[in-house]
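**Student:** I have a structure I would like to understand better, so I am pasting it below and will then ask my questions one at a time.
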């Protein structure tokens, strides 16, 4: 982990931490926090991110999720308490988003839709109804981990900005020189320019779209097609987990279903952002 | 059979990546106007009545595209090699068959001709077709010599006929979008252009009888072709004109040899050519046909970034990567309020630390350059469709012949420089 503690601005001591986890870069910035407290907290966050990455990475054959993907079409696979909770949450979000959020809709799974994977609460097991089913927590996990960080690792004193790969982030309090945290989304084609800027205050931000190499890695659960829009969807709200799930669902879903879907989640705002080759961007409120 | 979608303007501009109403693309690439909504509307329900001269491998490639184009009707076919003519006639049994192209040019029903013959025949056939009142699509390169190139160009210039040349990159959405980024300043000042084309095959077609060797394998003999420069480089050299906003090289040097395929051919099987622009920028073309590892590559190098044209990827010199919060730290240290520019979609799986570049065109078809006939998704279908619309409307797409003229001139001068091993002015 890269850790910097700076007192160059005597009015505002700063701690910065950066580490790899869940196949991306994670960054933390803490203002007005004592050095040792900041370091300990950053290490705890890193541990939490690393653990989640190891347990729920479907590309790691040793992970719990990989075991489920290998075996659940053959038999009921027992889950530990946390994984079962995660799967229950995913099922609940699937219903709440009217099927637009679906962890079985991913490029390695040819099955998608309700009923393809079943949970047994009594036995705490999961079972697939089809052999070609695979689960992927890609549109869920960063938001979940951020949520867990906020719940189980009380933030040190002062203001804080947390980012897991830039796609899931949380701002506690405000920028030391402002009354909120101004957070910008760089333009896809011109990364040194910003497509738009948001003001966060005790809020999470999630961004969904094709990955930064331009690959459509999300599957539309309603038709099984890879989603290839140039557009990105951002969601801002109190819960990092809800923001992540909702941005995934809104990006995938049809234009007509977006507003009704968003209105079911009180306190969340969403935008559609389409970067254009001339350096501008179309930003529309959903 | 080559699979291609039916073309429409809507599809075409969708593939261009939702450019703002196509306006930006049209100002940089005015020949795209030939696919404009107005031309599509005017041509609706009409078909260009076409004759194809030369029904060998490239001719058949175009015929397969035209078979699926609602704006095309093939009314005549011509080839002096009977097996090729019969192969094409099987696809279009109602088309009239000719063994002499002059007879096809006398066919009153033919409005436009598509010339897919050996390079040495292009100029004369094109001029004869224009004099017969036909619109012409001629395969690239335009001509076999600089003298015949000028005669062909002037003949067209003095006529009111449509002329289009088989430079399909002019209609390939990823090239068009790439050049928009270049001219939008995405990669800063252009400081180099690199082109290469590597294959590992002898570039031969099967010859049923020895006396047909030069007719069928015309690409290998000086009398008919300029080898790698006119058959391959000609496509890639057009990139320079686009990237340099119409500026053309002032000189060229090069070399080449027959290194591996010592089978009686006369043209080089490997070449290296360097073009110099008046502002000091260099454009290179390298080709070897006894090693295919690197395939085909075309890159525009800028002070701030690199565009990989073949793969549709933009790389920045300074990876903008994931340090938005790190930069914010420095700003707060200085007491400066600034945005934290770090938000974005996920990084590619397992690739967060490497600079995988930015893919700027969707659904990119990467042509590895291995095919000696043509590749699906390379702009050929769009180019053919544009020719059909131009035949129907009688309107010449703007600037497209000038672009092709320069691509051919550069190829011919590059060939001459590499054979004479001299620096030549252009």
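**Student:** Can you tell me which residue within region B:81-98, out of those that are in contact with a strand residue (DSSP E or B) (Cβ under 9 Å, 6 or more places away or on another chain) and not in a strand (DSSP E or B), is farthest from residue B:386 (Cα to Cα)?
**Tutor:** Of the residues in region B:81-98, the ones in contact with a strand residue (DSSP E or B) (Cβ under 9 Å, 6 or more places away or on another chain) are B:85-86, B:88-89, B:91-92, B:94-98.
The next check asks that each one be not in a strand (DSSP E or B); those that pass are B:85-86, B:88-89, B:91-92, B:94-95.
Values: B:85: 25, B:86: 27, B:88: 22, B:89: 24, B:91: 22, B:92: 21, B:94: 24, B:95: 22 Å.
Residue satisfying both the conditions and the ranking: B:86.
**Student:** Taking the condition more than 7 Å from chain B (Cβ to nearest Cβ) and either buried (at least 23 other Cβ atoms within 10 Å of the Cβ) or within 24 Å of residue A:21 (Cα to Cα) (or both), does residue A:199 pass?
**Tutor:** Working: more than 7 Å from chain B (Cβ to nearest Cβ): yes; either buried (at least 23 other Cβ atoms within 10 Å of the Cβ) or within 24 Å of residue A:21 (Cα to Cα) (or both): no.
When the stated conditions are applied, residue A:199 does not pass them.
**Student:** The conditions are (1) surrounded by fewer than 22 Cβ atoms within 10 Å (Cβ to Cβ); (2) facing chain B (nearest Cβ under 7 Å), and residue A:169 fails exactly one of them. Which is it?
**Tutor:** Going through the list (1) surrounded by fewer than 22 Cβ atoms within 10 Å (Cβ to Cβ); (2) facing chain B (nearest Cβ under 7 Å), residue A:169 breaks only (1).
**Student:** Just one of (1) assigned to a strand (DSSP E or B); (2) touching a helix residue (DSSP H, G or I) at 6+ places or on another chain (Cβ under 8 Å) trips up residue B:194, so point out which.
**Tutor:** Against the list (1) assigned to a strand (DSSP E or B); (2) touching a helix residue (DSSP H, G or I) at 6+ places or on another chain (Cβ under 8 Å), residue B:194 comes up short only on (2).
**Student:** Next up: Restricting attention to region B:171-196, which residues are touching a strand residue (DSSP E or B) at 6+ places or on another chain (Cβ under 9 Å) and either closer than 13 Å to residue B:308 by Cα or surrounded by 23 or more Cβ atoms within 10 Å (Cβ to Cβ) (or both)?
**Tutor:** B:175, B:178, B:179, B:181, B:182, B:186, B:187, B:192, B:193, B:194, B:195, B:196, listed by residue number.
**Student:** Which one of these is under 20 Å from residue A:99 (Cα atoms) and buried (at least 18 other Cβ atoms within 10 Å of the Cβ): A:263, A:247? Outline the logic, then answer.
**Tutor:** Numbers: A:263 fails: buried (at least 18 other Cβ atoms within 10 Å of the Cβ).
Just a single option satisfies the conditions, and that option is A:247.
**Student:** Could you tell me whether region A:43-54 includes any residue that is more than 28 Å from residue A:128 (Cα to Cα) and either within 14 Å of chain B (Cβ to nearest Cβ) or more than 22 Å from the chain's Cα centre (by Cα) (or both)? It would help to see each step written out before you state the result.
**Tutor:** Residues of region A:43-54 more than 28 Å from residue A:128 (Cα to Cα): A:43-48.
Narrowing the set further to residues that are either within 14 Å of chain B (Cβ to nearest Cβ) or more than 22 Å from the chain's Cα centre (by Cα) (or both) leaves A:45.
Within region A:43-54, one or more residues are more than 28 Å from residue A:128 (Cα to Cα) and either within 14 Å of chain B (Cβ to nearest Cβ) or more than 22 Å from the chain's Cα centre (by Cα) (or both).
Each row is one residue, and each column tells you yes or no for (1) more than 7 Å from chain B (Cβ to nearest Cβ); (2) within 23 Å of residue A:29 (Cβ to Cβ); (3) within 14 Å of the chain's Cα centre (by Cα).
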{"residue": "A:152", "(1), (2), (3)": "yes, yes, no"}
{"residue": "A:155", "(1), (2), (3)": "yes, yes, no"}
{"residue": "A:186", "(1), (2), (3)": "no, yes, no"}
{"residue": "A:209", "(1), (2), (3)": "no, no, yes"}
{"residue": "A:218", "(1), (2), (3)": "yes, no, yes"}
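**Student:** Can you say whether residue A:162 is under 16 Å from residue A:47 (Cβ atoms), touching a residue at least 40 places away in the same chain (Cβ under 8 Å) and in contact with a strand residue (DSSP E or B) (Cβ under 8 Å, 6 or more places away or on another chain), as far as the supplied structure shows?
**Tutor:** Numbers: under 16 Å from residue A:47 (Cβ atoms): yes; touching a residue at least 40 places away in the same chain (Cβ under 8 Å): yes; in contact with a strand residue (DSSP E or B) (Cβ under 8 Å, 6 or more places away or on another chain): yes.
Taking the combined requirement at face value, the residue satisfies it.
**Student:** Quick test for you: out of B:236, B:248, pick the one residue that is under 30 Å from residue B:305 (Cα atoms), part of a loop (DSSP other than H, G, I, E, B) and more than 14 Å from chain A (Cβ to nearest Cβ).
**Tutor:** On inspection, the qualifying residue turns out to be B:248.
**Student:** Checking residue B:236 against (1) without any contact (Cβ under 8 Å) to a residue 24 or more places away in the chain; (2) crowded, with 19+ Cβ neighbours inside 10 Å, only one condition comes out false. Which one?
**Tutor:** (1)
**Student:** Across region B:383-417, which residue is modelled with the lowest pLDDT among those that are surrounded by fewer than 24 Cβ atoms within 10 Å (Cβ to Cβ) and within 13 Å of the chain's Cα centre (by Cα)?
**Tutor:** Among those that are surrounded by fewer than 24 Cβ atoms within 10 Å (Cβ to Cβ) and within 13 Å of the chain's Cα centre (by Cα), it is B:403.
**Student:** Within region A:174-183, can one find any residue that is crowded, with 24+ Cβ neighbours inside 10 Å and more than 30 Å from residue B:330 (Cβ to Cβ)? Write out each step before concluding.
**Tutor:** If we filter region A:174-183 for residues that are crowded, with 24+ Cβ neighbours inside 10 Å, which is where we start, we get A:175, A:181, A:183.
When the remaining residues are screened for being more than 30 Å from residue B:330 (Cβ to Cβ), the result is none.
No, region A:174-183 has no match at all.
The values are calculated or read from the model by the stated rules, or taken from the named source; none is laboratory data. Owing to the predicted nature of the structure, the values given are computational and were not obtained by experimental measurement. Cβ sites come from the backbone with ideal geometry, for glycine too, and all protein chains shown count toward neighbours.
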